[in-house]
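Single-structure report; data block below.
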Amino acid sequence: MSSPSMSDIHAFNGATFDYIIIGGGTAGLAIANRLSENKDINVGVLEAGLLVENDPLIDVPRNLAMNNGDPKYAWMSSTSPQPGAAGRSMPVIRGKILGGSSALNYMGWSTTPGRPVANNAGGWDWNSLLPFLTKIEDVPAPERDDIAVKFSASSEHIGRPGVSSDIAVGKGGPVKTSHSVITTDVVPPYVKAWNAMDQKTNANPFGGLPNGLYSARLSVDPQTGKRITATAAYYTPVSARENLKVLTGAQVTRIIFKPDSGTGKRVAVGVEFSVQGGGIYTASVSKEVVLCAGTIGTPAILELSGVGDKELLTKLGIPCVVNVPGVGQNLHDHTFTHAHFKAVPGIRTFDDLQKNPEFRAAEQERYNKTGQGWFTGNDTILIFSPLNKLLDEPTLSAKIQSLEATLSLKKNTSGLLARQYEIQLEWLKKGNLPHLEFILFSAGVVKPDPEASYFMLATGVQHPFSRGSVHIQSTDPLQQPVIDPCYLTEEFDVFSLLTGFRTIEKLAQTSPLKEIIAEQVLPPGELGDEELVQYIRQSCTSGSHYMGTASMASLELGGVVSPNLKVHGTSNLRVADASIISVPVAAHIQATVYAIGEKAAALIKAENGH
Ligand SMILES: Cc1cc2nc3c(=O)[nH]c(=O)nc-3n(C[C@H](O)[C@H](O)[C@H](O)COP(=O)(O)OP(=O)(O)OC[C@H]3O[C@@H](n4cnc5c(N)ncnc54)[C@H](O)[C@@H]3O)c2cc1C
């Protein structure tokens, strides 16, 4: 046991906590930290994964993705076969480790664009989240190393009128962030080609509108060069607290409720958990249970506990404790397609770390000694664009009209979905929010020639119309739920990716980027629309930004939690993680999830008077 707060089964089993947090991930650890600031409050955290420390597959930024398919760090889950993605069953990457997905993600740090994370729910608009977004982060010198600004002829503050970059940037928060100072040879021509295609450099991307080109920060400590996980930011610094207990390797199997005769609501009184797949144990709670098991884990625990769609629960033989039909519905994610390029000789990309052993050895030594250099590097140039910047007006209007017709024909559209479609259609028509994101990966994913350097250009739908679900398939809590994101089942999402791909093709023909491209290796050659759609379906990937399965909206509309994060029909069970985000967010979502955690802790403290 590495610190006083690391608990063992004997200390946890049968104990009573003021608060039990299920899931020691991105949001869960932020909440555990804030609630245990008051030493009179006992907080217990149950995490299915283990504490992994001093591990290069987590700490070293350039090792990104190397831990994604390893059960030491990840739940080894996958989707059900996806008809919209050529029938493929696709990996679902999510952390099973203390720190959750913050220990597996690509470290990109971009904040919520200026709109609510839920259907205009009170208290969850951009202005309300901003104090929490800035509370989380530490930004040493926001613009000093901004490579987007450095390589652009000019930059503009495109954010909300009146919001300066200083207001939207935090100082002294637990998550240290930094700009990647390493630039591959692809970055300068890439930035310039986008500028030439009229995507302006946005010098204020954190000011509520990320449109244009900008350099995201990374959740990487600029001094040590190490990734900052939720564990590093929120747990390690307070691990000596006596009133904080963390049990790892403990998978929660059920929340235990009793009826509250006064309100008719259900009261959470404890949780059951299984340790390393072994026996079932229990812990009790006197104040609240906070469910932070992520977009896949949270609905599964709710259903196992009898909170969900009564019909589904009855079929599985689970007594329905509270009928909340929206549990597990409304799953959405950013879906990406990619084009792969071979660079002309002499262009240095991250492939050089693989193909040049001397360079690798020198950089490894530099990183080990100083925490600087190519092992801290990552691609951070992002472009967020509304569709009306990429398409002519008649084409877009005709597509939106046919989308509207399709959506209104849908017979089974629930209240929540109908409301979201209304909101998303409004965004499309107004054309001021980003619909597509473009990302550069300066390393080969497809590398036919081991001596050459490659790069990949990706585009992803930010406000998809496709919606899926996560539901348990049996009463066995250790069996993975059925994860069905229904990728690309709405034709408009396919059209969006097609538009993004055609934009990438234009970019690749634009100077100075075109001068560094030797050839497009995948898909090979020019494809007609039909063939390209086939390619997109066969090769699209998840953005690993799963959201929405415990959406914030009223029960009547099909939501799961209210704006104070309480699960409908319960008096002391809250959800605080990515699952509450009801409408897709056009951003990489870790900062938003941390902010949800911070805001949840503030709400809980305020309501309970501590
Ligand atoms: C590969 C990848 C790349 C990404 N890249 C980026 C990026 O570059 N930038 C960005 O902003 N975002 C990125 N994201 C997204 C972001 O990291 C996640 O959306 C965010 O971390 C989710 O936080 P969470 O608190 O909702 O869930 P998590 O952090 O996943 O936490 C959930 C925790 O609950 C635990 N748990 C689940 N079920 C149980 C149970 N029954 N009992 C006990 N514990 C349980 C899990 O083990 C986990 O630790 C990426 C995600 C992935 C997976």
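The values are calculated or read from the model by the stated rules, or taken from the named source; none is laboratory data. This one's a predicted model, so the numbers in the text were calculated from it and none came from an experiment. Counting neighbours? That spans all protein chains shown, and the Cβs are built from the backbone with ideal geometry, glycine included. Ligands, DNA and RNA are excluded from the accessible area calculation, which covers all protein heavy atoms including side chains. Shrake-Rupley method; radii C 1.70, N 1.55, O 1.52, S 1.80 Å.
If you place +1 on the Cβ of every Lys and Arg, -1 on the Cβ of every Asp and Glu, and leave all else neutral, what size is the dipole of the chain about its Cα centre, to the nearest 20 Debye?
Values: 51 positive and 58 negative charges, 191 e Å.
With Lys and Arg at +1 and Asp and Glu at -1, about 920 debye.
Expressed as a whole percentage, what fraction of the accessible surface of the stretch 432-512 belongs to carbon and sulfur atoms when a 1.4 Å probe is rolled over the protein heavy atoms? Let's see the in-between values first.
Working: 1390 of 2510 Å².
Using a 1.4 Å probe with all protein chains present, the stretch 432-512 comes out at 56 percent carbon and sulfur.
Per-residue Karplus couplings for the stretch 553-563, computed as 6.51 cos²θ - 1.76 cosθ + 1.60 with θ equal to phi - 60°, are listed in order as 5, 5, 4, 4, 6, x, x, 10, 10, 8, x Hz, Gly and Pro entered as x. Residues whose amide H comes within less than 5 Å of that of residue 475, counting only those at least five positions distant or on another chain, are absent (H built at 1.01 Å from N in the peptide plane).
Applying the Kirkwood pairwise sum to the alpha-carbon positions of the chain produces a hydrodynamic radius of 24.6 angstrom. Heavy-atom accessible surface of residue 471, to the nearest 10 Å², is about 30 Å², with a 1.4 Å probe and all protein chains retained.
Structure note, pairs 39/258; 150/192; 200/514: Cα-Cα distances above 22 angstrom occur for 39/258. Count charges around residue 268 for me, please; just the other residues with Cβ under 12 Å from its Cβ, Lys/Arg as +1, Asp/Glu as -1. For residues surrounding residue 268, the net value is +4.
Taken as Cα centroids, the stretch 79-95 and the stretch 302-379 sit 14 Å apart, rounded to the nearest whole angstrom.
For the stretch 406-490, the tally of Lys pairs with Cα-Cα distances below 29 Å comes to 4, considering only residues 8 or more apart or on different chains.
Computed from Cα atoms, the angle from the helix 126-136 axis to the main principal axis of the chain rounds to 90 degrees. The listed residues 367, 106, 594, once ranked by accessible area (1.4 Å probe) with the largest placed first, stand as 106, 367, 594.
Residues in the chain average 36 Å² of solvent-accessible surface per residue, probe 1.4 Å, ligands and nucleic acids excluded.
Quick one: work out the % antiparallel among DSSP beta bridges in the chain, nearest 5. Could you put the intermediate results ahead of the total?
On the way: 57 of 86 bridges.
So the antiparallel bridges in the chain amount to around 65 percent.
In whole percents, the pair-distance distribution calculated for the stretch 472-535 from its alpha-carbon pairs, binned every 10 Å from zero, is 17, 32, 22, 15, 11, 3. Averaging Cα coordinates gives a centre for the stretch 523-583 and one for the stretch 178-209; these two points are 28 Å apart. As a length-normalised measure over Cα pairs under 8 Å and 6 or more apart, the relative contact order of the chain settles at 22 percent.
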